[in-house]
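Take a look at the structure set out below.
The values are calculated or read from the model by the stated rules, or taken from the named source; none is laboratory data. A quick note: this is a predicted structure, and the numbers were derived from the prediction, not measured. Ideal geometry is used to build each Cβ from the backbone, glycine not excepted, and the neighbour counts take in all protein chains shown.
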Amino acid sequence: MAERDEPEIVGRRVQRLRVERGLTQRQLAEPTYTPAYVSTLEAGRVRPSDEALRHIAGRLGVDVEELATGRPARLVTDLRLRLTEAQRALATGEAEEANRQYTALLAEAEEHGLAAEEATALLGLGECGIDAGDLDAARSCFERAERRLADAPLPARVPALRGRAVAHYLAGELRYAVYLLESTLDELNRGGLHDPDALLLLYASVIGPYMDMGAAARAAQAAEFALALAPRAGDPALVARMHRSVARTLLAEGRLAEADASLAKAAELYRQLQLRTELANCHWMRGYVYAQNGELRRAEEELRQAQTMLSVQRAALYSSQVAVELADVLHRRGKSQEAAALLHGVLGDLSSERGAVHAAGAHRLLGIIAEDARDTEAAEEHYVRALSLLERAGAAGDLADLCRMLGDLLRRTGRVEAALDAYRTGLGHRTAPGSTTLGPAPAQPPL
(Lines give C-alpha, C1' and ligand atoms only; values in the text may rest on other atoms or scores of the structure.)
Protein backbone atom coordinates (compact mmCIF):
# COMPACT_ATOMS: atom_id res chain seq x y z
CA MET A 1 0.00 0.00 0.00
CA ALA A 2 1.87 3.08 -1.29
CA GLU A 3 -0.25 5.86 0.23
CA ARG A 4 -0.92 6.09 3.96
CA ASP A 5 -0.85 8.62 6.79
CA GLU A 6 2.10 9.13 9.13
CA PRO A 7 2.54 6.49 11.92
CA GLU A 8 1.36 8.90 14.64
CA ILE A 9 -1.93 9.55 12.78
CA VAL A 10 -2.49 5.86 12.01
CA GLY A 11 -1.73 5.02 15.67
CA ARG A 12 -4.27 7.50 17.00
CA ARG A 13 -6.85 6.19 14.54
CA VAL A 14 -6.28 2.58 15.63
CA GLN A 15 -6.61 3.56 19.29
CA ARG A 16 -9.82 5.53 18.71
CA LEU A 17 -11.46 2.71 16.73
CA ARG A 18 -10.33 0.10 19.30
CA VAL A 19 -11.80 2.08 22.20
CA GLU A 20 -15.04 2.74 20.29
CA ARG A 21 -15.45 -1.03 19.85
CA GLY A 22 -14.60 -1.83 23.48
CA LEU A 23 -11.56 -3.95 22.64
CA THR A 24 -8.38 -4.32 24.71
CA GLN A 25 -4.94 -4.18 23.11
CA ARG A 26 -4.63 -7.94 23.69
CA GLN A 27 -7.96 -8.65 21.94
CA LEU A 28 -6.89 -6.51 18.99
CA ALA A 29 -3.45 -8.14 18.77
CA GLU A 30 -4.25 -11.84 19.11
CA PRO A 31 -3.55 -14.31 17.70
CA THR A 32 -0.91 -12.87 15.33
CA TYR A 33 0.63 -9.96 17.31
CA THR A 34 1.37 -9.04 20.91
CA PRO A 35 -0.28 -6.36 23.08
CA ALA A 36 3.14 -4.63 23.26
CA TYR A 37 3.18 -4.29 19.45
CA VAL A 38 -0.29 -2.71 19.45
CA SER A 39 0.79 -0.34 22.24
CA THR A 40 3.86 0.71 20.24
CA LEU A 41 1.76 1.13 17.10
CA GLU A 42 -0.85 3.26 18.88
CA ALA A 43 1.94 5.49 20.26
CA GLY A 44 3.11 6.13 16.68
CA ARG A 45 6.55 4.61 17.24
CA VAL A 46 6.28 1.99 14.50
CA ARG A 47 5.07 2.03 10.90
CA PRO A 48 2.73 -0.96 10.53
CA SER A 49 3.29 -3.33 7.63
CA ASP A 50 0.54 -4.01 5.10
CA GLU A 51 -0.02 -7.41 6.80
CA ALA A 52 -0.40 -5.78 10.22
CA LEU A 53 -2.84 -3.21 8.82
CA ARG A 54 -4.93 -5.94 7.22
CA HIS A 55 -5.02 -7.92 10.51
CA ILE A 56 -6.01 -4.88 12.60
CA ALA A 57 -8.56 -3.65 10.03
CA GLY A 58 -10.17 -7.12 10.06
CA ARG A 59 -10.37 -7.11 13.89
CA LEU A 60 -11.83 -3.60 13.90
CA GLY A 61 -14.27 -4.32 11.07
CA VAL A 62 -13.10 -1.50 8.78
CA ASP A 63 -11.58 -1.27 5.31
CA VAL A 64 -7.76 -1.28 5.16
CA GLU A 65 -7.77 1.98 3.13
CA GLU A 66 -9.92 3.69 5.76
CA LEU A 67 -7.54 2.57 8.51
CA ALA A 68 -4.43 3.71 6.60
CA THR A 69 -5.74 7.00 5.22
CA GLY A 70 -8.84 7.92 7.20
CA ARG A 71 -10.95 7.90 4.07
CA PRO A 72 -14.17 5.90 3.95
CA ALA A 73 -13.99 2.75 1.86
CA ARG A 74 -14.54 3.28 -1.87
CA LEU A 75 -14.52 7.08 -1.40
CA VAL A 76 -12.13 7.70 -4.31
CA THR A 77 -14.05 5.40 -6.66
CA ASP A 78 -17.34 7.07 -5.70
CA LEU A 79 -15.86 10.55 -6.14
CA ARG A 80 -14.54 9.72 -9.59
CA LEU A 81 -17.92 8.36 -10.70
CA ARG A 82 -19.64 11.53 -9.50
CA LEU A 83 -17.03 13.70 -11.24
CA THR A 84 -17.88 11.86 -14.46
CA GLU A 85 -21.58 12.60 -13.87
CA ALA A 86 -20.77 16.31 -13.39
CA GLN A 87 -18.72 16.28 -16.60
CA ARG A 88 -21.68 14.75 -18.44
CA ALA A 89 -24.03 17.42 -17.03
CA LEU A 90 -21.71 20.16 -18.32
CA ALA A 91 -21.31 18.49 -21.73
CA THR A 92 -25.08 18.16 -22.19
CA GLY A 93 -25.66 21.84 -21.45
CA GLU A 94 -26.70 21.68 -17.78
CA ALA A 95 -24.00 24.15 -16.71
CA GLU A 96 -25.67 25.29 -13.48
CA GLU A 97 -26.22 21.71 -12.32
CA ALA A 98 -22.63 20.83 -13.26
CA ASN A 99 -21.35 23.83 -11.30
CA ARG A 100 -23.31 22.74 -8.23
CA GLN A 101 -21.99 19.17 -8.48
CA TYR A 102 -18.37 20.24 -9.04
CA THR A 103 -18.51 22.65 -6.08
CA ALA A 104 -19.73 19.90 -3.73
CA LEU A 105 -17.19 17.41 -5.08
CA LEU A 106 -14.35 19.92 -4.67
CA ALA A 107 -15.23 20.44 -1.01
CA GLU A 108 -15.32 16.66 -0.47
CA ALA A 109 -12.00 16.10 -2.23
CA GLU A 110 -10.37 18.93 -0.21
CA GLU A 111 -11.70 17.46 3.05
CA HIS A 112 -9.97 14.16 2.32
CA GLY A 113 -6.82 15.60 0.73
CA LEU A 114 -7.37 14.01 -2.70
CA ALA A 115 -5.23 16.25 -4.91
CA ALA A 116 -6.03 14.58 -8.27
CA GLU A 117 -9.80 14.67 -7.63
CA GLU A 118 -9.53 18.30 -6.42
CA ALA A 119 -7.81 19.19 -9.70
CA THR A 120 -10.51 17.42 -11.76
CA ALA A 121 -13.26 19.31 -9.93
CA LEU A 122 -11.41 22.61 -10.41
CA LEU A 123 -11.00 21.89 -14.14
CA GLY A 124 -14.75 21.30 -14.34
CA LEU A 125 -15.49 24.54 -12.49
CA GLY A 126 -13.12 26.34 -14.87
CA GLU A 127 -15.04 25.01 -17.88
CA CYS A 128 -18.31 26.11 -16.22
CA GLY A 129 -16.80 29.58 -15.88
CA ILE A 130 -15.81 29.61 -19.56
CA ASP A 131 -19.35 28.57 -20.56
CA ALA A 132 -20.91 31.27 -18.38
CA GLY A 133 -18.43 33.91 -19.59
CA ASP A 134 -17.00 34.43 -16.09
CA LEU A 135 -13.40 34.45 -17.30
CA ASP A 136 -11.79 35.65 -14.05
CA ALA A 137 -13.39 32.81 -12.07
CA ALA A 138 -12.46 30.32 -14.81
CA ARG A 139 -8.83 31.44 -14.83
CA SER A 140 -8.65 31.21 -11.03
CA CYS A 141 -9.97 27.63 -11.11
CA PHE A 142 -7.46 26.57 -13.78
CA GLU A 143 -4.60 28.16 -11.82
CA ARG A 144 -5.68 26.31 -8.65
CA ALA A 145 -5.84 23.04 -10.63
CA GLU A 146 -2.27 23.63 -11.83
CA ARG A 147 -1.10 24.14 -8.25
CA ARG A 148 -2.80 20.90 -7.14
CA LEU A 149 -0.99 19.05 -9.94
CA ALA A 150 2.38 20.75 -9.38
CA ASP A 151 4.11 17.41 -8.71
CA ALA A 152 2.40 15.55 -11.57
CA PRO A 153 4.05 14.96 -14.99
CA LEU A 154 3.52 17.74 -17.55
CA PRO A 155 0.95 15.80 -19.69
CA ALA A 156 -1.31 15.58 -16.61
CA ARG A 157 -1.07 19.38 -16.18
CA VAL A 158 -1.87 20.16 -19.83
CA PRO A 159 -5.69 20.46 -19.43
CA ALA A 160 -5.23 23.08 -16.70
CA LEU A 161 -2.61 24.99 -18.72
CA ARG A 162 -4.80 24.85 -21.81
CA GLY A 163 -7.84 26.05 -19.81
CA ARG A 164 -5.89 29.04 -18.52
CA ALA A 165 -4.74 29.86 -22.07
CA VAL A 166 -8.34 29.71 -23.38
CA ALA A 167 -9.49 32.07 -20.60
CA HIS A 168 -6.76 34.56 -21.59
CA TYR A 169 -7.64 34.13 -25.28
CA LEU A 170 -11.33 34.83 -24.72
CA ALA A 171 -10.38 37.84 -22.59
CA GLY A 172 -8.55 39.27 -25.61
CA GLU A 173 -5.00 38.45 -24.41
CA LEU A 174 -4.03 36.61 -27.58
CA ARG A 175 -0.28 36.88 -27.32
CA TYR A 176 -0.13 35.57 -23.76
CA ALA A 177 -2.48 32.70 -24.67
CA VAL A 178 -0.16 31.73 -27.53
CA TYR A 179 2.87 31.99 -25.22
CA LEU A 180 1.28 29.55 -22.72
CA LEU A 181 0.32 27.04 -25.41
CA GLU A 182 3.59 27.26 -27.38
CA SER A 183 5.85 27.03 -24.33
CA THR A 184 3.96 23.93 -23.14
CA LEU A 185 4.19 22.35 -26.60
CA ASP A 186 7.89 23.11 -26.69
CA GLU A 187 8.47 21.53 -23.30
CA LEU A 188 6.50 18.41 -24.25
CA ASN A 189 8.22 17.92 -27.61
CA ARG A 190 11.76 18.77 -26.50
CA GLY A 191 11.41 16.66 -23.35
CA GLY A 192 10.18 13.59 -25.22
CA LEU A 193 6.81 13.66 -23.41
CA HIS A 194 4.87 12.70 -26.52
CA ASP A 195 1.42 12.16 -25.05
CA PRO A 196 -0.97 12.19 -28.09
CA ASP A 197 -4.00 13.50 -26.15
CA ALA A 198 -2.00 16.31 -24.52
CA LEU A 199 -0.38 17.36 -27.80
CA LEU A 200 -3.66 17.21 -29.73
CA LEU A 201 -5.41 19.34 -27.09
CA LEU A 202 -2.69 22.00 -27.33
CA TYR A 203 -2.43 22.08 -31.13
CA ALA A 204 -6.23 22.28 -31.52
CA SER A 205 -6.38 25.11 -28.97
CA VAL A 206 -3.62 27.26 -30.48
CA ILE A 207 -5.22 27.46 -33.95
CA GLY A 208 -7.81 30.10 -32.96
CA PRO A 209 -5.31 32.56 -31.42
CA TYR A 210 -2.95 32.07 -34.37
CA MET A 211 -5.72 32.90 -36.85
CA ASP A 212 -6.83 36.01 -34.93
CA MET A 213 -3.21 37.22 -34.79
CA GLY A 214 -2.78 36.82 -38.53
CA ALA A 215 -0.32 33.94 -38.11
CA ALA A 216 -1.95 31.79 -40.79
CA ALA A 217 1.21 29.75 -41.50
CA ARG A 218 1.53 28.77 -37.84
CA ALA A 219 -2.18 27.90 -37.71
CA ALA A 220 -1.88 25.68 -40.80
CA GLN A 221 1.13 23.88 -39.32
CA ALA A 222 -0.68 23.31 -36.01
CA ALA A 223 -3.65 21.90 -37.96
CA GLU A 224 -1.33 19.58 -39.89
CA PHE A 225 0.20 18.24 -36.65
CA ALA A 226 -3.26 17.86 -35.06
CA LEU A 227 -4.55 15.81 -38.00
CA ALA A 228 -1.48 13.56 -37.82
CA LEU A 229 -1.92 13.03 -34.05
CA ALA A 230 -5.68 12.34 -34.19
CA PRO A 231 -5.48 8.58 -34.99
CA ARG A 232 -3.41 8.04 -31.80
CA ALA A 233 -5.69 10.04 -29.48
CA GLY A 234 -7.90 8.11 -27.07
CA ASP A 235 -10.60 10.75 -26.46
CA PRO A 236 -13.24 11.04 -29.25
CA ALA A 237 -14.46 14.42 -27.89
CA LEU A 238 -10.92 15.72 -28.27
CA VAL A 239 -10.76 14.46 -31.87
CA ALA A 240 -14.07 16.22 -32.59
CA ARG A 241 -12.74 19.48 -31.15
CA MET A 242 -9.66 19.11 -33.35
CA HIS A 243 -11.82 18.77 -36.49
CA ARG A 244 -13.69 21.94 -35.52
CA SER A 245 -10.44 23.89 -35.06
CA VAL A 246 -8.83 22.56 -38.23
CA ALA A 247 -11.83 23.82 -40.22
CA ARG A 248 -10.67 27.40 -39.53
CA THR A 249 -7.36 26.86 -41.33
CA LEU A 250 -9.09 25.12 -44.25
CA LEU A 251 -11.42 28.12 -44.58
CA ALA A 252 -8.49 30.54 -44.59
CA GLU A 253 -6.99 28.56 -47.48
CA GLY A 254 -10.29 28.68 -49.40
CA ARG A 255 -10.89 24.94 -49.00
CA LEU A 256 -14.57 25.32 -48.11
CA ALA A 257 -15.70 21.79 -49.00
CA GLU A 258 -12.95 20.26 -46.86
CA ALA A 259 -13.79 22.61 -43.99
CA ASP A 260 -17.45 21.59 -44.16
CA ALA A 261 -16.45 17.90 -44.23
CA SER A 262 -14.25 18.41 -41.16
CA LEU A 263 -17.14 20.06 -39.30
CA ALA A 264 -19.51 17.27 -40.33
CA LYS A 265 -17.13 14.72 -38.76
CA ALA A 266 -16.98 16.78 -35.56
CA ALA A 267 -20.77 17.20 -35.42
CA GLU A 268 -21.35 13.47 -35.84
CA LEU A 269 -18.96 12.67 -32.97
CA TYR A 270 -20.63 15.28 -30.75
CA ARG A 271 -24.07 13.82 -31.51
CA GLN A 272 -22.86 10.34 -30.59
CA LEU A 273 -21.34 11.66 -27.37
CA GLN A 274 -24.38 13.92 -26.65
CA LEU A 275 -22.12 16.96 -26.18
CA ARG A 276 -24.64 19.74 -26.78
CA THR A 277 -22.43 22.79 -26.22
CA GLU A 278 -19.80 21.46 -28.63
CA LEU A 279 -22.51 20.52 -31.12
CA ALA A 280 -23.79 24.11 -30.94
CA ASN A 281 -20.26 25.29 -31.72
CA CYS A 282 -20.29 23.06 -34.80
CA HIS A 283 -23.50 24.73 -36.04
CA TRP A 284 -21.74 28.04 -35.37
CA MET A 285 -18.73 27.07 -37.49
CA ARG A 286 -20.88 25.64 -40.29
CA GLY A 287 -22.77 28.92 -40.38
CA TYR A 288 -19.44 30.66 -40.82
CA VAL A 289 -18.49 28.28 -43.65
CA TYR A 290 -21.76 28.95 -45.47
CA ALA A 291 -21.35 32.72 -44.98
CA GLN A 292 -17.86 32.57 -46.51
CA ASN A 293 -19.29 30.66 -49.47
CA GLY A 294 -22.09 33.21 -50.00
CA GLU A 295 -24.84 30.77 -48.93
CA LEU A 296 -26.40 33.35 -46.62
CA ARG A 297 -29.77 31.69 -46.03
CA ARG A 298 -28.14 28.46 -44.88
CA ALA A 299 -25.62 30.47 -42.84
CA GLU A 300 -28.46 32.27 -41.04
CA GLU A 301 -30.20 28.95 -40.26
CA GLU A 302 -27.04 27.40 -38.79
CA LEU A 303 -26.15 30.47 -36.72
CA ARG A 304 -29.68 30.85 -35.36
CA GLN A 305 -29.65 27.18 -34.35
CA ALA A 306 -26.29 27.65 -32.63
CA GLN A 307 -27.50 30.74 -30.77
CA THR A 308 -30.70 29.01 -29.63
CA MET A 309 -28.77 26.00 -28.30
CA LEU A 310 -26.21 28.16 -26.51
CA SER A 311 -28.88 30.44 -25.02
CA VAL A 312 -30.77 27.44 -23.63
CA GLN A 313 -27.53 26.22 -22.09
CA ARG A 314 -26.83 29.73 -20.73
CA ALA A 315 -23.43 29.85 -22.44
CA ALA A 316 -23.53 33.65 -22.34
CA LEU A 317 -20.17 34.56 -23.89
CA TYR A 318 -20.38 32.09 -26.77
CA SER A 319 -24.01 33.09 -27.41
CA SER A 320 -22.97 36.75 -27.72
CA GLN A 321 -20.13 35.85 -30.10
CA VAL A 322 -22.51 33.89 -32.33
CA ALA A 323 -24.88 36.88 -32.33
CA VAL A 324 -22.13 39.07 -33.86
CA GLU A 325 -21.60 36.62 -36.72
CA LEU A 326 -25.36 36.22 -37.19
CA ALA A 327 -25.69 40.02 -37.39
CA ASP A 328 -23.09 40.08 -40.18
CA VAL A 329 -25.14 37.56 -42.18
CA LEU A 330 -28.38 39.50 -41.54
CA HIS A 331 -26.72 42.71 -42.76
CA ARG A 332 -25.53 40.99 -45.91
CA ARG A 333 -29.09 39.72 -46.46
CA GLY A 334 -30.42 43.30 -46.31
CA LYS A 335 -31.73 43.06 -42.73
CA SER A 336 -29.52 45.86 -41.37
CA GLN A 337 -31.96 47.14 -38.76
CA GLU A 338 -32.37 43.67 -37.26
CA ALA A 339 -28.58 43.25 -37.34
CA ALA A 340 -27.99 46.58 -35.54
CA ALA A 341 -30.58 45.73 -32.87
CA LEU A 342 -28.94 42.35 -32.31
CA LEU A 343 -25.48 43.94 -31.97
CA HIS A 344 -26.62 46.62 -29.53
CA GLY A 345 -28.29 43.86 -27.51
CA VAL A 346 -25.06 41.88 -27.02
CA LEU A 347 -22.43 44.64 -26.80
CA GLY A 348 -23.07 44.88 -23.05
CA ASP A 349 -21.95 41.24 -22.74
CA LEU A 350 -18.68 41.87 -24.65
CA SER A 351 -15.71 44.04 -23.71
CA SER A 352 -11.91 44.36 -23.93
CA GLU A 353 -11.67 41.82 -21.08
CA ARG A 354 -14.41 39.50 -22.36
CA GLY A 355 -14.67 38.51 -26.01
CA ALA A 356 -12.54 41.42 -27.26
CA VAL A 357 -12.24 40.22 -30.87
CA HIS A 358 -16.00 39.79 -31.24
CA ALA A 359 -16.65 43.11 -29.45
CA ALA A 360 -14.44 44.72 -32.09
CA GLY A 361 -16.36 42.82 -34.79
CA ALA A 362 -19.63 44.22 -33.43
CA HIS A 363 -18.34 47.81 -33.54
CA ARG A 364 -16.90 47.26 -37.03
CA LEU A 365 -20.26 46.03 -38.33
CA LEU A 366 -22.16 48.86 -36.61
CA GLY A 367 -19.72 51.24 -38.35
CA ILE A 368 -20.51 49.70 -41.73
CA ILE A 369 -24.26 49.94 -41.06
CA ALA A 370 -23.83 53.60 -39.99
CA GLU A 371 -21.84 54.34 -43.17
CA ASP A 372 -24.61 52.80 -45.26
CA ALA A 373 -27.03 55.16 -43.49
CA ARG A 374 -24.72 58.16 -44.24
CA ASP A 375 -24.04 58.66 -40.52
CA THR A 376 -20.26 59.15 -40.85
CA GLU A 377 -19.82 60.45 -37.29
CA ALA A 378 -21.29 57.28 -35.75
CA ALA A 379 -19.35 55.11 -38.24
CA GLU A 380 -16.04 56.74 -37.28
CA GLU A 381 -16.81 56.31 -33.58
CA HIS A 382 -17.48 52.59 -34.02
CA TYR A 383 -14.35 52.05 -36.16
CA VAL A 384 -12.14 53.79 -33.57
CA ARG A 385 -13.61 51.67 -30.77
CA ALA A 386 -13.01 48.53 -32.82
CA LEU A 387 -9.39 49.58 -33.49
CA SER A 388 -8.77 50.11 -29.78
CA LEU A 389 -10.12 46.65 -28.93
CA LEU A 390 -8.11 44.90 -31.66
CA GLU A 391 -4.86 46.71 -30.78
CA ARG A 392 -5.24 45.72 -27.13
CA ALA A 393 -5.91 42.11 -28.11
CA GLY A 394 -3.07 41.98 -30.67
CA ALA A 395 -5.45 40.73 -33.40
CA ALA A 396 -3.26 41.78 -36.31
CA GLY A 397 -5.31 39.78 -38.79
CA ASP A 398 -8.25 42.22 -38.58
CA LEU A 399 -6.39 45.44 -37.70
CA ALA A 400 -4.99 46.17 -41.16
CA ASP A 401 -8.38 45.82 -42.86
CA LEU A 402 -10.07 48.03 -40.26
CA CYS A 403 -7.40 50.71 -40.68
CA ARG A 404 -8.14 50.70 -44.43
CA MET A 405 -11.87 51.13 -43.78
CA LEU A 406 -11.26 54.00 -41.34
CA GLY A 407 -8.81 55.61 -43.80
CA ASP A 408 -11.39 55.42 -46.61
CA LEU A 409 -14.01 57.04 -44.38
CA LEU A 410 -11.66 59.85 -43.32
CA ARG A 411 -10.59 60.47 -46.93
CA ARG A 412 -14.22 60.70 -48.10
CA THR A 413 -14.91 63.33 -45.42
CA GLY A 414 -11.91 65.43 -46.52
CA ARG A 415 -9.49 64.59 -43.68
CA VAL A 416 -6.60 63.49 -45.87
CA GLU A 417 -3.81 63.66 -43.25
CA ALA A 418 -5.83 61.62 -40.75
CA ALA A 419 -6.64 59.13 -43.52
CA LEU A 420 -2.92 58.77 -44.35
CA ASP A 421 -2.16 58.10 -40.69
CA ALA A 422 -4.80 55.35 -40.63
CA TYR A 423 -3.39 53.80 -43.83
CA ARG A 424 0.16 53.89 -42.42
CA THR A 425 -1.01 52.18 -39.24
CA GLY A 426 -2.70 49.51 -41.33
CA LEU A 427 0.42 48.96 -43.43
CA GLY A 428 2.45 48.55 -40.24
CA HIS A 429 0.15 45.74 -39.13
CA ARG A 430 0.15 44.21 -42.61
CA THR A 431 3.97 44.08 -42.74
CA ALA A 432 4.35 42.76 -39.19
CA PRO A 433 1.81 39.94 -38.90
CA GLY A 434 1.67 37.76 -35.81
CA SER A 435 3.79 35.07 -37.44
CA THR A 436 6.86 37.36 -37.43
CA THR A 437 6.50 38.56 -33.85
CA LEU A 438 5.76 35.34 -32.01
CA GLY A 439 9.35 34.17 -31.65
CA PRO A 440 10.61 30.74 -32.77
CA ALA A 441 8.00 28.08 -33.46
CA PRO A 442 7.81 25.31 -30.82
CA ALA A 443 9.67 22.04 -31.36
CA GLN A 444 7.83 19.61 -33.65
CA PRO A 445 6.31 16.32 -32.46
CA PRO A 446 7.82 13.08 -33.81
CA LEU A 447 5.17 12.18 -36.38
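Does residue 392 satisfy being more than 27 Å from the chain's Cα centre (by Cα) and in a helix (DSSP H, G or I)? Against the criterion (more than 27 Å from the chain's Cα centre (by Cα) and in a helix (DSSP H, G or I)), residue 392 does not qualify. Would you call residue 79 modelled with pLDDT of 90 or more and either within 30 Å of residue 105 (Cβ to Cβ) or among the hydrophobic types (A, V, I, L, M, F, W, C) (or both)? Considered against the rule, which asks whether it is modelled with pLDDT of 90 or more and either within 30 Å of residue 105 (Cβ to Cβ) or among the hydrophobic types (A, V, I, L, M, F, W, C) (or both), residue 79 comes out as no.
One residue stands out among those in the range 7-42 that are part of a helix (DSSP H, G or I) and β-branched (Val, Ile, Thr): the one that is surrounded by the fewest Cβ atoms within 10 Å (Cβ to Cβ), which is 19.
Yes or no: the range 129-145 includes at least one residue that is under 27 Å from residue 184 (Cβ atoms), of a type in the set (A, V, I, L, M), in contact with a Ser or Thr (Cβ under 9 Å, 6 or more places away or on another chain) and modelled with pLDDT of 90 or more.
Within the range 129-145, one or more residues are under 27 Å from residue 184 (Cβ atoms), of a type in the set (A, V, I, L, M), in contact with a Ser or Thr (Cβ under 9 Å, 6 or more places away or on another chain) and modelled with pLDDT of 90 or more.
Mind listing whichever residues of the range 132-143 are surrounded by 24 or more Cβ atoms within 10 Å (Cβ to Cβ) and touching a residue at least 24 places away in the same chain (Cβ under 8 Å)? The answer is 138, 142. For the range 163-195, residues that are within 18 Å of residue 398 (Cβ to Cβ) and not in a loop (DSSP other than H, G, I, E, B) total 6. Residue-level analysis places residue 321 outside the set of residues that are surrounded by fewer than 21 Cβ atoms within 10 Å (Cβ to Cβ) and part of a helix (DSSP H, G or I). Going by the conditions given, is residue 175 touching a residue at least 40 places away in the same chain (Cβ under 8 Å), surrounded by fewer than 24 Cβ atoms within 10 Å (Cβ to Cβ) and basic (Lys, Arg)? Yes, satisfied.
If the condition is being among the small types (Gly, Ala, Ser) and in a helix (DSSP H, G or I), then the range 110-135 contributes 115, 116, 119, 121, 124, 126, 129, 132. Here is the figure for the range 256-274: residues that are among the hydrophobic types (A, V, I, L, M, F, W, C) and either touching a strand residue (DSSP E or B) at 6+ places or on another chain (Cβ under 7 Å) or crowded, with 24+ Cβ neighbours inside 10 Å (or both) total 3. The condition of being modelled with pLDDT of 85 or more, under 17 Å from the mean Cα position of the chain (by Cα) and crowded, with 20+ Cβ neighbours inside 10 Å does not hold for residue 239. From the list 390, 410, 406, the one residue that fits, being buried (at least 20 other Cβ atoms within 10 Å of the Cβ) and either within 19 Å of residue 352 (Cα to Cα) or of a type in the set (D, E, K, R) (or both), is 390.
When the range 43-64 is filtered for residues that are among the charged types (D, E, K, R), part of a loop (DSSP other than H, G, I, E, B) and farther than 11 Å from residue 11 by Cα, only 63 remains.
Residues of the range 331-343 include none that is within 27 Å of residue 98 (Cβ to Cβ), of a type outside the set (Lys, Arg) and either buried (at least 16 other Cβ atoms within 10 Å of the Cβ) or in contact (Cβ under 8 Å) with a residue 40 or more places away in the chain (or both). Residues that are at pLDDT 80 or above, touching a helix residue (DSSP H, G or I) at 6+ places or on another chain (Cβ under 9 Å) and surrounded by fewer than 17 Cβ atoms within 10 Å (Cβ to Cβ) occur in the range 89-99; there is at least one.
Comparison of 107, 150 shows that the only residue that is modelled with pLDDT of 90 or more and outside any helix (DSSP H, G or I) is 150.
With respect to residue 84, is the statement that it is polar (S, T, N, Q) and farther than 30 Å from residue 316 by Cβ true? Considered against the rule, which asks whether it is polar (S, T, N, Q) and farther than 30 Å from residue 316 by Cβ, residue 84 comes out as no.
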